Amino acid sequence: MNQIKDKFPEGDSFRSELNGRYRSATIGQILFLSALLIAVISLTALLYNIVDGAFGYTAYEYKKDPATISSKPLTELNQQELLDVLKANISTGAYKKLNNEQAMETRSQADLLSLILERIIRIETKATWSLTQSLFHKAEIEAEVAEKYPDAKLEFRNWLTFSFLTSPMSSRAEFAGARTAILGSLWLVGIAVLFALPIGVGAAVYLQEYAPRNFLTSIIQTNINNLAGVPSIVYGMLGLALFVRVMEPFTSGKMFGVTDSNGRTILAAGLTMGVLVLPLIIINAQEAIKAVPDSLRQASYGVGATKWQTIWHHILPNSIAGILTGTILAISRAIGETAPLIVVGASTFITVDPNGPFSKFTALPIQIYQWTTRAQSEFHAIAASAIIVLMVMLLSLNATAILLRNRFQRRL
Amino acid sequence: MIQILLFIAGILSIFITLAIVYELGKEAWLFFGNPDVTFGKFFGTTEWQPSIGKIGIWPLVTSTLITSIIAMFIAIPLGLAAALYLSEYASPKARSILKPILEILAGIPTVVYGYFALLFVTPIIRSIFGEDNVEVYNMLSAGLVMGIMILPLISSMSEDAFSAVPRPLREGAYAMGATKLETSLQVVLPAALSGIGAAVILGISRAIGETMIVAVAAGSGPNFTFNPFKAAETMTGNIARISGGDLSYGSIDYTSLFAIALMLFLVTLVLNLISQWVVQRFREKYE
């Protein structure tokens, strides 16, 4: 009897035990919520860290004082005066080389100004500080600059400027831009989607509409699910072995008469990314096709349509929302992937924009990787700016996906 | 006719897997066929520098394991707790705010996480534990950030598993006077165990295959150590570093990369298959 009384307490002991259980329940709830809060705090810390790095004070020195080459401040000179300054201060050989790259008269004022800053005045960044440091520790920064770099000037710099977006690469952080990388990323995504979308939707249509329920089909399905989980660097190795080496006549363009390239082209990388996103597109398209109600199919057959007519005129138009969402998710994945591109051979320093599928290339994530792993802090600053560009691209892509999905869903 | 085209599209995925196995296997075969390479040295020594004949795989493997274990220590408890809160406690309004945040975390490119690990987390760790004890590149920082990256994966898969547990089970527990905590831990969690197991295994597979976070933050030289404060390159980081430099086809550096990649592919494949098997075998059927 006592045993039973212990298991089912009554009266005061029951009350106290119940309160203990309520307390544990509340603690548990707080613990679970704090797990979520840790995730939220991490995201905030990440975003803060990136924005923090892209703006701040920099201390830089001139190798040559601008006052010695021009009486007016450089920003006030017009294009002809800038040209004169340039001609007077760099060697004729260098001037000819610049002219060959792009005729001097056609260059914009901003372009000429940055050339002067780069070649003649030779700005050298001595130190950079993050945004929070710049906002809250201004006096200490000024003291440090006065002590360590007496010749340097201190200026608040926004590293994410329009010229950052439109300038090509440079070995100096102050002048490097992301234009080549952005164009490279866009080319890559274009080739990847061009390759993966038709094949992916075709495979999904086959698996959902035509495939019999036999062993082969289940193997194909399991295989696709597994491919979605393969690490991206393995896809890179596949791309290196297959697209760069085995298919070199095709990817380097030798088949088409291009003579001065090897297999590490934007075409090979685009195909690699296409193979990487193919399982995602297939799985998403399958879900979209599965979601089309069977009554639509049966109605179409009922009025005498063939299988392909049903698919083309009824099933595909009704699943286009899901297929588009899947494609945009795949694009977001493809834009952010770095590892396969490193393996396939993205150049880390090229200054010419991609001008065809057989050109060498770089991509935005590759630049971010490159700049982050440099030691000087000004490279970290432009890495942060490039990250902001990448995140903005991703955000707009995902927002477009959500908008498109909502729009097409209402139509149905 | 069209059916044939579609069938080819469907079969293409099998070709991709076969191509991966063939290409990786071919070069890995060359690596193991090299007279300097013996299984004894491969599994027996602890230094990895193929160009001078040191081919002990253990430094890369231990680094991969340590970073993955640190990541899972973060991702599993936090992911499960987050999933429990979202499915059992959160109001619809809270859920509509918190779920997108988790989805954003899942969508951030890994190189951005690498930047975060190197330039935010590492300085914090160094200031806590002392700059002499923690190297600039270390496994702990990479592991922590990897955990945060995997957290949304585990959270969303576990949440799907929790929502598949039928309401009557919960209601029965409440009817007997159980608190929400007791119901969550003693009724819902065990019922969803197969889904949680699958999520954990997929998370481990993701952690092992992750490249950029470790390439940026964990170090760029193989190092056989169990100390998470030290720099040590992982399998994936090694592939990224070597293939980013000068690489001549057919050299032992080149073929060794494929051997590592083949190991990675097989390990993640086995883990993914186990995860699918766990779901099928242990799923509770309620109807």
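The values are calculated or read from the model by the stated rules, or taken from the named source; none is laboratory data. Small disclaimer: the values here were computed from a predicted structure and weren't measured. No Cβ is skipped: glycine too gets one built from the backbone with ideal geometry, and neighbour counts run over all protein chains shown.
In table form, for the structure just shown:
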| read-out | value |
| --- | --- |
| Qualifying positions in segment A:363-375 - in a loop (DSSP other than H, G, I, E, B), modelled with pLDDT of 80 or more and farther than 15 Å from A:Gly236 by Cα | A:Thr373, A:Arg374 |
| Number of the condition not met by A:Trp308 [criteria: (1) within 12 Å of chain B (Cβ to nearest Cβ); (2) at pLDDT below 90; (3) closer than 17 Å to A:Leu186 by Cα] | (3) |
| Criterion (farther than 22 Å from A:Leu329 by Cβ, at pLDDT below 90 and not assigned by TED's automatic domain parsing to the domain that holds A:Leu390) met by exactly one of A:Glu174, A:Glu209 | A:Glu174 |
| Checklist (1) more than 20 Å from A:Ala339 (Cβ to Cβ); (2) at pLDDT 90 or above; (3) in contact with a Phe, Trp or Tyr (Cβ under 6 Å, 6 or more places away or on another chain) applied to B:Ser194, failing item | (2) |
| Near pairs, Cβ below 7 angstrom, 6+ apart or cross-chain, from segment B:258-269 (touching a residue at least 60 places away in the same chain (Cβ under 8 Å)) to any residue that is surrounded by 22 or more Cβ atoms within 10 Å (Cβ to Cβ) and not in a helix (DSSP H, G or I) | B:Phe265/A:Val230; B:Thr268/A:Val230; B:Thr268/A:Pro231 |
| Listing of helices (runs of 4 or more DSSP H) fully contained in segment B:107-181 that carry 2 or more residues being at the interface with chain A (Cβ under 9 Å from one of its Cβ atoms), crowded, with 24+ Cβ neighbours inside 10 Å and aliphatic (A, V, I, L, M) | B:110-116, B:139-164 |
| So B:Ile66, is it under 29 Å from B:Leu266 (Cα atoms) and of a type in the set (Val, Ile, Thr) | yes |
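Let's see how each residue does on (1) modelled with pLDDT of 80 or more; (2) surrounded by 22 or more Cβ atoms within 10 Å (Cβ to Cβ); (3) among the basic types (Lys, Arg); (4) part of a loop (DSSP other than H, G, I, E, B):
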{"position": "A:Val343", "(1), (2), (3), (4)": "yes, yes, no, no"}
{"position": "A:Pro357", "(1), (2), (3), (4)": "no, no, no, yes"}
{"position": "A:Ala383", "(1), (2), (3), (4)": "yes, yes, no, no"}
{"position": "A:Val392", "(1), (2), (3), (4)": "yes, no, no, no"}
{"position": "A:Ser396", "(1), (2), (3), (4)": "yes, no, no, no"}
